[in-house]
Amino acid sequence: MNLPEEFLSKMKEILKEEFDQFIKVYDFDSYKGFRVNTAKVSVEEFIEKMGIEFEKVPWCKDGFYYTEEIRLSKHPYYFAGLVYIQEPSAMFPVEALDIKEGEKVLDLCAAPGGKSIQIAARLGQNGLLVSNDVKPSRIKALVKNVENLGLTNIVILNNKPKEIAESYGAYFDKILVDAPCSGEGMFRKDPTAAKKWTSNHPEKYVNLQRSIMTEVDELLKVDGEIVYSTCTFEVEENEGIIDWFLKKHKNYEVVEIKKYEGFSDGIEINGNENLKKAARIYPHRVKGEGHFICKLKKVRESGAEWTFQPQRFEVDREDLKIFEKFCNKYLNIDLSYFKDRVFYKKASKLYLGFEGPFDKITPLRNGLLLGEVYKGRFYPSAHLIASLKCENLKVAINFSQDDERLWRYLKGETIENKENLNGFVGICVDGFTLGWGKAEGHIIKNYFPKGWRLE
């Protein structure tokens with residue numbers, strides 16, 4: 001592929017004798033990867049169900065490589081939210097953040113959601129992820145991925161970092177800043193990015209990256225950690241940002257990142273040897289694309305720490321009765337499992353979500369979208385069934401993969417009501433939930449969301 005001459009000159013300066021090896025990788029296709037959504041299925045069960053021995057991604061415990069022959073994005077398990085297709089190197093920033101169950105985490109530049117999904121699965125039911133992106137056009141993909149993969153511990157925002165800092169305060173144990181960047185590490189995966197690249201890209205993104213990092217100190221607890229990552233090789237956007245941040249924030253230290261085989265040290269600049277503790281990933285050294293990852297720890301207060309006072313939600317008791325009536329008829333679930341959540345209603349939509357500073361900022365999604373209460377009836381959401389197991393459904397059809405009705409359902413078609421069911425029906429495959437149907441007479445109407453369907 002054709003790469004910009006100025007980019008090649010810069011990489012020759014960075015890589016020196018490794019440059020020839022680096023340039024050869026662009027004659028080959030990029031590696032394809034996926035992660036198992038451990039919020040819905042264990043790695044072991046997924047591999048057993050698939051019956052395929054996938055090659056593991058060394059730096060991600062639920063990450064694997066796959067080839068085009070497998071057609072993973074057409075597999076029923078993809079539609080059941082059991083997997084997320086992700087470039088292998090992009091799996092490492094969350095691994096470096098070392099998420100613990102029950103923590104409160106902020107993903108500041110989250111869309112389309114791959115890293116948020118990875119974080120949410122690690123946090124467990126008692127953790128909370130606030131997942132934000134400033135671009136409304138990108139939020140739609142984030143919401144779709146969160147709902148399809150059945151994740152319930154996420155609040156989705158569409159706010160500037162400054163607005164979040166002014167609302168939440170020092171609330172978070174960990175923050176991921178997967179910063180917008182010039183994208184040089186993805187040229188092989190996305191050749192159009194190479195065509196759009198110009199020599200002034202770094203300057204454009206440095207200003208944006210600095211504006212994002214300006215707000216993170218106010219959002220992080222003392223002893224909390226930040227992972228800053230990009231998919232570029234540009235020193236100004238990587239080590240340059242960290243060096244700038246450390247000069248402004250003396251209460252932070254660089255944390256040594258575990259480096260897997262093929263990973264490189266960060267590059268020392270301005271005499272700052274601690275930058276070597278960061279990690280660089282080059283495509284000629286690993287089976288993955290280019291990335292930079294650096295971890296920072298807040299070791300002392302900055303003097304301005306505070307956190308929000310929760311806003312209380314009031315939900316009409318009649319709405320809850322309507323929802324409980326639906327649960328009694330169609331679901332086997334114990335709502336006390338979500339004892340730390342609050343019911344939250346926005347327009348006609350009912351959520352089981354989290355308290356937050358929502359008098360100041362309005363979430364696009366707050367936890368689990370249960371469904372809609374309309375004219376005295378409850379209409380369940382796709383998010384609700386995606387968060388459940390087949391055994392949680394009182395009325396369900398559990399298809400095998402060779403059932404032609406399954407494939408028609410995934411395409412959005414009406415299917416035959418061979419089981420003589422009535423009302424809402426949970427549709428499953430091999431014991432994993434897919435979506436809703438509604439049985440009326442001899443047919444089951446298709447409620448699988450249009451944006452999720454097999455094309």
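Observations on the model:
- Residue within segment 216-223 that is assigned to a loop (DSSP other than H, G, I, E, B) and either on the phi < 0 side of the Ramachandran plot or touching a Cys at 6+ places or on another chain (Cβ under 6 Å) (or both) present: no
- Residue list for segment 142-180, restricted to those being in contact with a Leu (Cβ under 6 Å, 6 or more places away or on another chain) and either of a type in the set (K, R) or free of Cβ contacts under 8 Å to residues at least 24 places away in the same chain (or both): K174
- Residue that is surrounded by the most Cβ atoms within 10 Å (Cβ to Cβ) [pool: residues in segment 150-165 that are within 8 Å of A120 (Cβ to Cβ) and hydrophobic (A, V, I, L, M, F, W, C)]: I154
- Filtered residue count, segment 390-411, keeping only those that are within 26 Å of the chain's Cα centre (by Cα) and closer than 16 Å to F79 by Cβ: 3
- Pairing each residue of segment 309-337 that is of a type outside the set (K, R) with any residue that is buried (at least 16 other Cβ atoms within 10 Å of the Cβ) and part of a loop (DSSP other than H, G, I, E, B), provided the two are 6+ apart or on different chains, yields C-beta distances under 6 Å for P310/E355; Q311/F358; Y330/V395.
- Taking the numbered list (1) β-branched (V, I, T); (2) at pLDDT 95 or above; (3) under 15 Å from the mean Cα position of the chain (by Cα) in turn, I139 passes all entries but (2).
- Residues of segment 315-347 that are of a type in the set (A, V, I, L, M, F, W, C) and surrounded by 12 or more Cβ atoms within 10 Å (Cβ to Cβ): V315, L320, I322, F323, F326, C327, L331, I333, L335, F338, V342, F343.
- Residue check for G371: crowded, with 21+ Cβ neighbours inside 10 Å, of a type in the set (G, A, S), closer than 22 Å to N328 by Cβ and in contact with a Ser or Thr (Cβ under 8 Å, 6 or more places away or on another chain): yes
- Filter result for I139 (farther than 21 Å from L220 by Cβ, crowded, with 24+ Cβ neighbours inside 10 Å, touching a strand residue (DSSP E or B) at 6+ places or on another chain (Cβ under 9 Å) and touching a residue at least 40 places away in the same chain (Cβ under 8 Å)): no
- Counted residues, segment 274-308 - those being touching a residue at least 12 places away in the same chain (Cβ under 8 Å), of a type outside the set (D, E) and exposed (fewer than 15 other Cβ atoms within 10 Å of the Cβ): 5
- Here segment 369-383 is the region considered, the condition is being touching a helix residue (DSSP H, G or I) at 6+ places or on another chain (Cβ under 9 Å) and outside any strand (DSSP E or B), and the residue that is farthest from E416 (Cα to Cα) is G376.
- Subset of segment 156-197 that is part of a helix (DSSP H, G or I) and of a type in the set (V, I, T) - its residue that is nearest to M213 (Cα to Cα): I164
- Residue list for segment 217-259, filter: of a type in the set (K, R) and touching an Asp or Glu at 6+ places or on another chain (Cβ under 9 Å): K221, K248, K258, K259
- Some residue of segment 28-42 being out of contact with any Cys (no Cβ under 8 Å at 6 or more places or on another chain), assigned to a helix (DSSP H, G or I) and at pLDDT 95 or above: no
- Qualifying residue in segment 400-408 (condition: at pLDDT 95 or above and of a type in the set (S, T, Y)): yes
- Considering only residues in segment 215-260 that are among the β-branched types (V, I, T) and within 23 Å of the chain's Cα centre (by Cα), the one that is nearest to Y168 (Cα to Cα) turns out to be V216.
- Strands (runs of 3 or more DSSP E) wholly inside segment 388-455 that include at least 3 residues being in contact (Cβ under 8 Å) with a residue 40 or more places away in the chain and touching a strand residue (DSSP E or B) at 6+ places or on another chain (Cβ under 8 Å): 423-429, 432-440
Listed here are the residues, each with its yes/no results for (1) closer than 23 Å to V94 by Cβ; (2) part of a strand (DSSP E or B).
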| site | (1), (2) |
| --- | --- |
| W244 | no, no |
| K258 | yes, no |
| R285 | yes, no |
| E289 | yes, no |
| I293 | yes, yes |
| K297 | yes, yes |
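The values are calculated or read from the model by the stated rules, or taken from the named source; none is laboratory data. Bear in mind the structure is a predicted one, so any value in this text is a computation, not a measurement. Every residue, glycine as well, gets a Cβ built from its backbone with ideal geometry; the counts of neighbours run over all protein chains shown.
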